[in-house]
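Novice: One structure, pasted below without further comment.
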Amino acid sequence: MAVLTFTQARETVIAQIRSAGGTPASERLPLLDSQGRVLAEPIHADRDFPPFPRSTRDGFAVRAQDVSQLPMRLRCKGQVKAGSAFSGSIAETECVEIMTGAPVPEGADAVVMVEYTERDGDAVEVNRAVSPGENVVARGSEARSGDLLIEPGRRIRYGEVALMASVGRSSVSVCRQPRVAIIPTGDEVVEVEQTPGPFQIRNSNGYSLYAQVKAEHCTPVPLGVALDREDRLAEMIAEGLKSDLLLLSGGVSMGKYDLVEKVLAEFGAEFFFDGVLIQPGRPLVFGRAHGTFFFGLPGNPLSTMVTFELFVRPALALLSGEASAPLRFLRARLARDFRRKPGLASFLPALLEGDYYDPSVSVVEWKGSGDIASLNRANCYLAVPEEAAEIKAGEWVSVLTR
Ligand code: AMP
Ligand code: MG
């Protein structure tokens, strides 16, 4: 069927979900519970920001024109601290002692930092000139009352929390979290509590997917492991399609017991692609059935994880109500020469080290996409473009963090 490049597949996921066009329902949450959710309403300024001309320094509020000749002696009329105002105004050669965050008194247009003054009773000697407006934030210069401060569709992080607090929003309307059904498949897969037989393996994909769904602030709906039997798979897929997104793992390769696509087809599924030219994760299925999008993720644990990050994460961003779903890579220098056969876009388990000024990354040793133990040595994925055959140590490369 349709095997796409990484970029084509990514664009297909985004375009299909966009064109389906559903907007999630909303719910109201206390501000402090809204972190990580997507804003469902616009946030406006409820007053001017700042609401008064605000001093950004401790010092003396002055008329800038009075301190052009230095040193200059001014008469100090009093003080003003944050939270109150000076009653009265400043005339020629007068000043008022002022603290950071306090309103600049009428008549003054600048603040001289205390470091550049000497106090002598009621007199203040100023040793540095200021220009009009210096160390003062004019009323309404950050935002005007009624201005749009945050658009709906924005993920709420601490900055948005601070902004909403500053406009008095103690509760906020957010998009409901998508419910994401998770069905790992495979006759050999047993639950974590069970003791696996000699040829069985434990269900790690159900757990990594659960954790990844949670990390996207969505609600995981684990439906248990499906056996490689059409009737069981069909029952569970029917259940899974009741969620907002269905994730299956395993059963999407060419093996005799890879039944996921066959069973989905019996549900009248539309398939947008069933392979992507990436490593790991080539057998990746994306489609829609009964109005619900689904991914058939490859069963090998690293493939399951990587394809989630590359394709499911952006899908969930859109289904969560986010306005856009960019996939962001960090840049780091490759620590060791890297060579490989070109052709596929690769996302290889790698170790990112160093601090912000010298990030370096190296591919860790791994035995392929089933090598779950290699995750212990890795904390990211090195992104290698299709055409790259060799990357030299010291070159800048792209890294997807984990
Ligand atoms: P499949 O795509 O079904 O052929 O599976 C590919 C590989 O991934 C096989 O070695 C499976 O045993 C393994 N695998 C499949 N599902 C899981 C799972 N839920 N947890 C861990 N490994 C799995
Ligand atoms: Mg299988």
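The values are calculated or read from the model by the stated rules, or taken from the named source; none is laboratory data. The structure presented is a predicted model; accordingly, all values stated were derived computationally and were not measured. Quick reminder, even Gly has a Cβ in these numbers, built from the backbone with ideal geometry, and neighbours come from all protein chains shown.
Novice: What pairs come up if the first residue lies in region 280-304 and is in contact (Cβ under 8 Å) with a residue 60 or more places away in the chain and away from ligand 2 (no atom under 15 Å from the Cβ), the second is assigned to a strand (DSSP E or B) and charged (D, E, K, R), and their beta carbons are under 8 Å apart, counting only those six or more places apart or on different chains?
Specialist: Cβ pairs passing all conditions: R288/E270.
Novice: Next question, about the same structure. Just checking, which of S208, S204 is of a type in the set (G, A, S), within 16 Å of ligand 1 (Cβ to nearest atom) and in contact with a Phe, Trp or Tyr (Cβ under 9 Å, 6 or more places away or on another chain)?
Specialist: Values: S204 fails: in contact with a Phe, Trp or Tyr (Cβ under 9 Å, 6 or more places away or on another chain).
Exactly one of S208, S204 is of a type in the set (G, A, S), within 16 Å of ligand 1 (Cβ to nearest atom) and in contact with a Phe, Trp or Tyr (Cβ under 9 Å, 6 or more places away or on another chain), namely S208.
Novice: So, one more: When residues of region 212-230 are filtered for being of a type in the set (K, R) and under 27 Å from the mean Cα position of the chain (by Cα), how many remain?
Specialist: If we filter region 212-230 for residues that are of a type in the set (K, R), which is where we start, we get 214, 229.
The next check asks that each one be under 27 Å from the mean Cα position of the chain (by Cα); those that pass are 214.
Going through region 212-230 one residue at a time, the tally reaches 1.
Novice: Given the residues P196, P184, which is the only one that is within 16 Å of ligand 2 (Cβ to nearest atom), closer than 20 Å to A373 by Cβ and buried (at least 19 other Cβ atoms within 10 Å of the Cβ)? It would help to see each step written out before you state the result.
Specialist: Details: P196 fails: buried (at least 19 other Cβ atoms within 10 Å of the Cβ).
Criteria check complete, one pass: P184.
Novice: Considering each residue of region 1-19, count those that are at pLDDT below 95 and not in a loop (DSSP other than H, G, I, E, B), and give that number.
Specialist: 0
Novice: Among the residues of region 335-350, how many are surrounded by 16 or more Cβ atoms within 10 Å (Cβ to Cβ) and not small (G, A, S)?
Specialist: 5
Novice: To continue, here is another question. What are the pairs with Cβ atoms under 8 angstrom where one residue, in region 215-227, is touching a residue at least 60 places away in the same chain (Cβ under 8 Å) and the other, located anywhere, is small (G, A, S) and more than 12 Å from ligand 1 (Cβ to nearest atom)? Sequence gap at least six, or different chains.
Specialist: Pairs that qualify, where the first residue is touching a residue at least 60 places away in the same chain (Cβ under 8 Å) and the partner is small (G, A, S) and more than 12 Å from ligand 1 (Cβ to nearest atom), are E216/A317; E216/S320; H217/G36; H217/S320; C218/S320.
Novice: Next up: Somewhere in region 253-276, is a residue more than 13 Å from ligand 1 (Cβ to nearest atom) and within 22 Å of T401 (Cα to Cα)?
Specialist: Taking every residue of region 253-276 in turn, at least one turns out to be more than 13 Å from ligand 1 (Cβ to nearest atom) and within 22 Å of T401 (Cα to Cα).
Novice: Any chance region 295-305 includes a residue that's assigned by TED's automatic domain parsing to the domain that holds Y257, more than 16 Å from ligand 1 (Cβ to nearest atom), assigned to a helix (DSSP H, G or I) and within 18 Å of the chain's Cα centre (by Cα)?
Specialist: First pass over region 295-305, keeping only residues assigned by TED's automatic domain parsing to the domain that holds Y257: 295-305.
Filter again for more than 16 Å from ligand 1 (Cβ to nearest atom), leaving none.
No: zero hits.
Novice: While we're on this one: Pairs only if they're at least six apart or on different chains, beta carbon under 8 angstrom, first in region 243-255 and closer than 15 Å to R179 by Cβ, second hydroxyl-bearing (S, T, Y) and more than 8 Å from ligand 2 (Cβ to nearest atom); list them, first residue then second.
Specialist: S243/T292; D244/T292; L245/T292; L246/T292
Novice: Additional query: Which of the following residues is at pLDDT below 95 and among the polar types (S, T, N, Q): S243, S249, S253? Outline the logic, then answer.
Specialist: On the way: S243 fails: at pLDDT below 95; S249 fails: at pLDDT below 95.
Testing whether each residue is at pLDDT below 95 and among the polar types (S, T, N, Q) leaves just S253.
Novice: Out of curiosity, is V276 farther than 30 Å from A373 by Cβ and buried (at least 18 other Cβ atoms within 10 Å of the Cβ)?
Specialist: Values: farther than 30 Å from A373 by Cβ: no; buried (at least 18 other Cβ atoms within 10 Å of the Cβ): yes.
For V276, the condition - farther than 30 Å from A373 by Cβ and buried (at least 18 other Cβ atoms within 10 Å of the Cβ) - is not met.
Novice: Yes or no: S173 crowded, with 17+ Cβ neighbours inside 10 Å, within 10 Å of ligand 1 (Cβ to nearest atom) and in contact (Cβ under 8 Å) with a residue 40 or more places away in the chain?
Specialist: On the way: crowded, with 17+ Cβ neighbours inside 10 Å: yes; within 10 Å of ligand 1 (Cβ to nearest atom): no; in contact (Cβ under 8 Å) with a residue 40 or more places away in the chain: yes.
No: the conditions fail for S173.
Novice: Considering region 231-273 alone, what residues qualify as being of a type in the set (S, T, N, Q) and either over 27 Å from the mean Cα position of the chain (by Cα) or surrounded by fewer than 20 Cβ atoms within 10 Å (Cβ to Cβ) (or both)? Break it down stepwise before answering.
Specialist: Initially, region 231-273 is screened for residues of a type in the set (S, T, N, Q), giving 243, 249, 253.
Result: S253, single match.
Novice: Here's something else I'd like to know. In the set E151, E216, E160, which member is surrounded by fewer than 19 Cβ atoms within 10 Å (Cβ to Cβ) and either charged (D, E, K, R) or touching a His at 6+ places or on another chain (Cβ under 6 Å) (or both)? Even if it seems obvious, please write down each step before you answer.
Specialist: On the way: E216 fails: surrounded by fewer than 19 Cβ atoms within 10 Å (Cβ to Cβ); E160 fails: surrounded by fewer than 19 Cβ atoms within 10 Å (Cβ to Cβ).
Checking each option against the conditions leaves just E151.
Novice: Continuing with the same structure: Against the definition (more than 16 Å from ligand 2 (Cβ to nearest atom) and either within 24 Å of K341 (Cβ to Cβ) or assigned by TED's automatic domain parsing to the domain that holds S374 (or both)), how does M254 come out, yes or no? Give the derivation first.
Specialist: Working: more than 16 Å from ligand 2 (Cβ to nearest atom): no; either within 24 Å of K341 (Cβ to Cβ) or assigned by TED's automatic domain parsing to the domain that holds S374 (or both): yes.
Here the answer is no, as M254 does not meet what is asked.
Novice: For region 54-158, which fully contained strands (runs of 3 or more DSSP E) count at least 3 residues that are within 30 Å of G22 (Cα to Cα)?
Specialist: Details: elements: 59-62, 72-80, 94-98, 110-113, 117-120, 123-126, 148-150.
The strands (runs of 3 or more DSSP E) meeting that bar are 148-150.
Novice: Okay, moving on. Looking at region 310-319, can you tell me whether even one residue there is among the aliphatic types (A, V, I, L, M), assigned by TED's automatic domain parsing to the domain that holds L246, within 16 Å of ligand 1 (Cβ to nearest atom) and touching a helix residue (DSSP H, G or I) at 6+ places or on another chain (Cβ under 6 Å)?
Specialist: So far as region 310-319 goes, no, none of its residues is among the aliphatic types (A, V, I, L, M), assigned by TED's automatic domain parsing to the domain that holds L246, within 16 Å of ligand 1 (Cβ to nearest atom) and touching a helix residue (DSSP H, G or I) at 6+ places or on another chain (Cβ under 6 Å).
Novice: Considering each residue of region 114-133, count those that are touching a Lys or Arg at 6+ places or on another chain (Cβ under 9 Å) and surrounded by 16 or more Cβ atoms within 10 Å (Cβ to Cβ), and give that number. Steps first, answer last, please.
Specialist: First, the residues of region 114-133 that are touching a Lys or Arg at 6+ places or on another chain (Cβ under 9 Å): 114-117, 120, 122-126, 132.
Narrowing the set further to residues that are surrounded by 16 or more Cβ atoms within 10 Å (Cβ to Cβ) leaves 114, 116-117, 124, 126.
Going through region 114-133 one residue at a time, the tally reaches 5.
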